[in-house]
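Inspection log for the structure reproduced underneath, given as structure tokens.
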Amino acid sequence: MMTAEEENTREHASTVSLNDENDGRLSVSITDAVSELETVKFTIQTKSALPSFSQHQMSVIRCHEEFIWLHDMLSENIEYAGYIIPPAPPKPDFEAARDKLTRITAAESTMSEDEYKKLRKELESDYLALFKKTVAMHEMYLMRIAAHSKLREDSNFRVFLEYAKDLKVRSKNKKELIGGFFKNMTKNVDEALLSSQKDKDEFFIERRTFLDDYHTRIRETTRQTEQLSESTNALSVDYMQLAGGFALLSVQDPQLQRFMAQCAISFEVMQKLQKRVSTDEDLKFTDLFKYYQREADAAKSLLYRRGRALADKDIAENKLEKAQEKFKDIPTAEAYLQDCKIRFESISEMAKTELDTFKVRRLETYRKHLVDMSELQIRHSQSKVGELSKGLELLCDL
Amino acid sequence: RIIILEKQWYQRRVRGAPTPAAVVCEPEEEDPVTPVAEDKDALFDMEEKEDLAGIEDDREDLFGSSEEPATTQPDLFDDDDEEEESSLQGAIPVRTNSDHDRVPFNTPAVGCALDDTKTTALLNAAKESAQLKKSVGWVNGDKKSSPKESSSIEIPNYTKVGEGYSSYIIYTIQATIGDAPKTTVQRRYNDFFVLHQLIVENYLPRGVIVPPVPEKNFMGTAKLRFGGGSSNESTQDPSLFIKRRKAALERYLNRLMAHNLISKDETLRRFLQEEDAPRPNPNATGIKGFMKSMETMVTKATARINEVDEWYEDKQQHILEMEETLKKILAVSDNIVADRRDLAAKSAAFSSSCLHLGEGEDNASLRRAITKLSELEQNLSNVHTEMADGDLFIFGETVKDYISIIQATKAAFDERVKAFSLWESAQSTLAKKRDTKSKATLQGKTDRVAQCEEDIRFWEGKVEKCQEDFEVISKNLKEEIRVFEEVWVRDIKESTKAYFQKLIDAENQIISSWKAFLPEAKTIN
């Protein structure tokens, strides 16, 4: 099947933002990826100067499920309740591409050789684009963890990067899935209840309103971006067909032969460039917004956890009061309250730092993506102008 | 004395002095094939006398009896005169007394000193070359004729007249023809349609490819009349419809004026210059018109030409292929327009959601950057809308026009087939008449025989005329196709180049928009 070239993955490594917390003592990158049947296998290379790692350099192969396992491990760790847990990368979805492949092979007999080749080529480039995307997202996930001063110390993370053999992670069975589903439901209900919570801390109040609002807005923007990218792509398909039309004219009309042949060539180039514009819109815009939508979700989860901790503390206080009234179980209640207090305060403190870095990270990422996007678009349009101008010059002579 | 008179008269004619029926310029509407343009029925009524007269002349010439100068045959021989002057200059021999009695006035000098068979041959040759010259001359004009004047037609604006059901659009047409001052007239679509019908009637039977008129459009017009509602959709649709129609009508008029022969047409000139629009031909509509079109259909269905010249079949095949391809390209072009408009819409939607997102940002520089992004996307949206118009008008409409022109070409080919089948049917009638005559001769019915001979003479003439017509229309068609191909190649090249240019301009605008945004993106902090 398909292998993403190393070059391409490297290119993507450079376009993903590097958190400035990363002091270079741990660097993770995905150097290769292979698609086998249903799964994609990523080759992850790690260079570490940290003492906790057994070696300085290592390389392992992981599949998507193992990433999810890592994410679950991190989210379920109560010590990390005060952190924004990096959102898991989305599952690689080659469904659409696979459908297209079956459709094309089925219709092979009805098409001309040329058409079939063209469609296959198109499909291959689609596959490649999807591939690059999924690699980028998995890589970004790992780099995010690597950049977090506390999370990178996590033992599971180390195992993930080091353990040479298969982690033998099985994807959740039905029971676990349903369990997870219910957990989510209760969380949502809880969140709703907590939203009316009285918070003394201005910072968090403001943060919560901001995040809620931001989340809605960014979701809308993501949707629009996806549509934009699709529309741009549609145009590239049209250019290809136009090139085909020109080629036909070139064959049929001897007086127009060279003229139209040149037109066909120009529009084939236009098609490629237009497609690149569309892919870039997808990568730089859609993925950016989608990622930050997930991050915003993760931040909201953090705030939820804090809110939960606050509610627990309040309940504990009530319990203590009651116990004090009844003169029963006062020490337990006091101990419990103390626990809750500590928990709440640690979460609050961690959360503060996290949310600040979240903001900084966001600025960084947006900046990088928008700058990259501008430069790419300028380059693509310049190429288009170049091709069209060259073509026009040639046409004027014919 | 008689000789001298004759000579003087002859010389006067040769030098092209205006005689009552003399024709000076070659591309003229009076021509041997004009009769074909009129009702087929009339062909046998009106023209019979003329034809007979002409035939009489030829025959008398051969058999040596003198005739009155046939004033009804100026067409055939005037051009001969002009031809003769140049080619047979040295051949004007001395006339002998005996000859002049036999030679009719209107026979050029050829006939007097040469023997009979040669006469016929030369006569035919002269006629043919004249007609050849004439047929090529009609369509293209040669140096002797008046040059085609340069002209330009514009439709600068339009207005809506009336309300609701009875409302319509009036287009203002400005025509600049040659050195004449600019004329301005007001016309509505129906006037164009009538003009087109008149021109088709007049020119199609000669094998001319008549430029097609923009088609009637019930839906568009209906929307126009009742439209103008509150939603954006309906106000956009009518104005786009009018814009396209206006541009198409302009192109239509300019194409008419670009055609060598049609540009000089009376009706067209009146259309462009007089206040009142030309009226439709009453014969065209109603029962007569209907019968005519039925007849057309029948002849079309049954005729096949045994081609001597493969050229016609090849060309038809070639044109059909071209039509196929153009239709495909038109479909793609329509897709491009639709997709580009869609892209403009999606960019605009994205722009407003960016604005919304920017407002929600807590960091000032990021907010500003995203707002700028929103502006950028709005600009891009506008560029795309403009490009869509370019896609449509520059490229798409040209392709659409040529698909219609190809229909007109097919009609011209059909006219040739019609002419052929008329010829064939004349030939078969002649054969039948000859049969009848020989039967009558065998039976010894002398009075019948005489009648038959008369019939035969008539039909021989008919056959000859039909053959002439067919050859003329064939030559015309060849020339028309040649011009068509030339113009097509030129037009499509120009349109494609203009399209490239428009795309280049649009992409340059995109570049400058992004370049303006880039520094903003860099300031995010």
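Go over the candidates B:R341, B:R368 one by one and state the one that is within 11 Å of another protein chain (Cβ to nearest Cβ), in a helix (DSSP H, G or I) and among the basic types (K, R). Before the answer, list the steps.
Details: B:R368 fails: within 11 Å of another protein chain (Cβ to nearest Cβ).
Result of the check over B:R341, B:R368: B:R341.
Is it the case, given these coordinates, that A:D253 is open to solvent by less than 30 Å² (accessible area, probe 1.4 Å), under 16 Å from B:M387 (Cβ atoms) and within 10 Å of another protein chain (Cβ to nearest Cβ)? Reasoning before the result, please.
Numbers: open to solvent by less than 30 Å² (accessible area, probe 1.4 Å): yes; under 16 Å from B:M387 (Cβ atoms): no; within 10 Å of another protein chain (Cβ to nearest Cβ): yes.
Against the criterion (open to solvent by less than 30 Å² (accessible area, probe 1.4 Å), under 16 Å from B:M387 (Cβ atoms) and within 10 Å of another protein chain (Cβ to nearest Cβ)), A:D253 does not qualify.
The number of residues in region A:380-389 being open to solvent by 30 Å² or more (accessible area, probe 1.4 Å) and either within 9 Å of chain B (Cβ to nearest Cβ) or touching a residue at least 60 places away in the same chain (Cβ under 8 Å) (or both) comes to 3. Note on region A:85-127: residues that are within 30 Å of A:R361 (Cα to Cα) and open to solvent by 60 Å² or more (accessible area, probe 1.4 Å) total 2.
Among the conditions (1) within 33 Å of the chain's Cα centre (by Cα); (2) open to solvent by 10 Å² or more (accessible area, probe 1.4 Å); (3) within 30 Å of B:E485 (Cα to Cα), A:L310 misses just one, which is (3). Taking each residue of region B:422-451 that is over 26 Å from B:P205 (Cβ atoms) and looking for partners that are open to solvent by 80 Å² or more (accessible area, probe 1.4 Å) and in a helix (DSSP H, G or I) with beta-carbon atoms closer than 7 Å, six or more apart or interchain, yields B:A440/B:R448. Scanning region A:230-250 for residues that are within 9 Å of chain B (Cβ to nearest Cβ), touching a helix residue (DSSP H, G or I) at 6+ places or on another chain (Cβ under 6 Å) and among the small types (G, A, S) yields a count of 3.
Only a single criterion out of (1) touching a residue at least 24 places away in the same chain (Cβ under 8 Å); (2) within 14 Å of another protein chain (Cβ to nearest Cβ); (3) open to solvent by less than 40 Å² (accessible area, probe 1.4 Å) is not satisfied by A:S374, namely (1). Scanning region B:348-396 for residues that are open to solvent by 50 Å² or more (accessible area, probe 1.4 Å) and among the charged types (D, E, K, R) gives B:E359, B:R367, B:R368, B:K372, B:E375, B:E386.
With A:I85, A:I44 as the choices, which residue is part of a loop (DSSP other than H, G, I, E, B), under 22 Å from A:E153 (Cβ atoms) and at pLDDT 80 or above? Break it down into steps so the answer makes sense when it comes.
Details: A:I44 fails: part of a loop (DSSP other than H, G, I, E, B).
After applying the criteria, what remains is A:I85.
This table checks each residue for (1) at pLDDT 90 or above; (2) closer than 21 Å to A:E393 by Cα.
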{"site": "A:T222", "(1), (2)": "yes, no"}
{"site": "A:T225", "(1), (2)": "yes, no"}
{"site": "A:A234", "(1), (2)": "yes, no"}
{"site": "A:C263", "(1), (2)": "yes, yes"}
{"site": "A:D280", "(1), (2)": "no, no"}
{"site": "A:K284", "(1), (2)": "no, no"}
{"site": "A:D287", "(1), (2)": "no, no"}
{"site": "A:A309", "(1), (2)": "no, no"}
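Listed by first and then second residue, the pairs linking a residue in region B:363-392 that is closer than 19 Å to A:T225 by Cα to a residue that is of a type outside the set (A, V, I, L, M) and open to solvent by 70 Å² or more (accessible area, probe 1.4 Å), with Cβ atoms under 6 Å apart and 6 or more places separating them unless they lie on different chains, are B:V383/B:Q509. If you check A:F160 against the conditions, is it in a helix (DSSP H, G or I), open to solvent by less than 20 Å² (accessible area, probe 1.4 Å) and touching a residue at least 40 places away in the same chain (Cβ under 8 Å)? When the stated conditions are applied, A:F160 passes them.
Conditions tested, residue by residue: (1) within 12 Å of chain B (Cβ to nearest Cβ); (2) touching a helix residue (DSSP H, G or I) at 6+ places or on another chain (Cβ under 9 Å); (3) assigned to a helix (DSSP H, G or I); (4) open to solvent by 40 Å² or more (accessible area, probe 1.4 Å).
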| position | (1), (2), (3), (4) |
| --- | --- |
| A:A316 | no, yes, yes, no |
| A:R343 | no, yes, yes, yes |
| A:A351 | no, yes, yes, no |
| A:E364 | yes, no, yes, yes |
| A:I378 | yes, yes, yes, no |
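Does B:I336 fit the bill of being farther than 16 Å from A:T225 by Cα and not polar (S, T, N, Q)?
On the way: farther than 16 Å from A:T225 by Cα: yes; not polar (S, T, N, Q): yes.
Yes: the conditions hold for B:I336.
Taking every residue in region A:198-214 that is open to solvent by 50 Å² or more (accessible area, probe 1.4 Å) and pairing it with any residue that is of a type in the set (D, E, K, R) and not in a helix (DSSP H, G or I), at least 6 positions away or on another chain, the pairs with Cβ-Cβ distances below 9 Å are A:I205/A:D199; A:E206/B:D362; A:R208/A:D199. Between A:F327, A:F267, A:F246, A:F259, the distinction of being among the hydrophobic types (A, V, I, L, M, F, W, C), over 24 Å from A:E113 (Cα atoms) and crowded, with 21+ Cβ neighbours inside 10 Å belongs to A:F259 only. Of the residues making up region A:215-229, just one is open to solvent by 60 Å² or more (accessible area, probe 1.4 Å), under 20 Å from A:R276 (Cα atoms) and at the interface with chain B (Cβ under 7 Å from one of its Cβ atoms), namely A:Q227.
Quick check, is A:K359 within 14 Å of chain B (Cβ to nearest Cβ), under 30 Å from B:T496 (Cα atoms) and touching an Asp or Glu at 6+ places or on another chain (Cβ under 8 Å)? Spell out the reasoning first.
On the way: within 14 Å of chain B (Cβ to nearest Cβ): yes; under 30 Å from B:T496 (Cα atoms): no; touching an Asp or Glu at 6+ places or on another chain (Cβ under 8 Å): yes.
Criteria not met by A:K359.
Could you tell me whether region A:183-198 includes any residue that is facing another protein chain (nearest Cβ under 10 Å) and among the hydroxyl-bearing types (S, T, Y)? No - not one qualifying residue is present in region A:183-198. Scanning region B:314-330 for residues that are without any contact (Cβ under 8 Å) to a residue 24 or more places away in the chain and within 10 Å of chain A (Cβ to nearest Cβ) returns B:H318, B:E321, B:E324, B:T325, B:K328.
Listed residues B:D447, B:D391, B:D435, B:D455; which is charged (D, E, K, R) and within 14 Å of chain A (Cβ to nearest Cβ)? Full working, then the answer.
Working: B:D447 fails: within 14 Å of chain A (Cβ to nearest Cβ); B:D435 fails: within 14 Å of chain A (Cβ to nearest Cβ); B:D455 fails: within 14 Å of chain A (Cβ to nearest Cβ).
On inspection, the qualifying residue turns out to be B:D391.
Table: residues versus (1) facing another protein chain (nearest Cβ under 10 Å); (2) open to solvent by less than 20 Å² (accessible area, probe 1.4 Å); (3) assigned to a helix (DSSP H, G or I).
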{"position": "B:E471", "(1), (2), (3)": "no, no, yes"}
{"position": "B:E480", "(1), (2), (3)": "no, yes, yes"}
{"position": "B:K497", "(1), (2), (3)": "yes, no, yes"}
{"position": "B:L503", "(1), (2), (3)": "yes, yes, yes"}
{"position": "B:I510", "(1), (2), (3)": "yes, yes, yes"}
{"position": "B:W514", "(1), (2), (3)": "yes, yes, yes"}
{"position": "B:F517", "(1), (2), (3)": "yes, yes, yes"}
{"position": "B:A521", "(1), (2), (3)": "yes, yes, yes"}
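Remark: B:V487 matches the filter, which requires a residue to be in a helix (DSSP H, G or I), within 13 Å of another protein chain (Cβ to nearest Cβ), more than 26 Å from B:V383 (Cα to Cα) and at pLDDT 90 or above.
The values are calculated or read from the model by the stated rules, or taken from the named source; none is laboratory data. Bear in mind the structure is a predicted one, so any value in this text is a computation, not a measurement. Using ideal geometry, Cβ is built from the backbone for each residue, glycine included, and neighbour counts are taken over all protein chains shown. When the accessible area is computed, the model is the full protein with side chains, heavy atoms only, and any ligands, DNA or RNA have been set aside. Shrake-Rupley method; radii C 1.70, N 1.55, O 1.52, S 1.80 Å.
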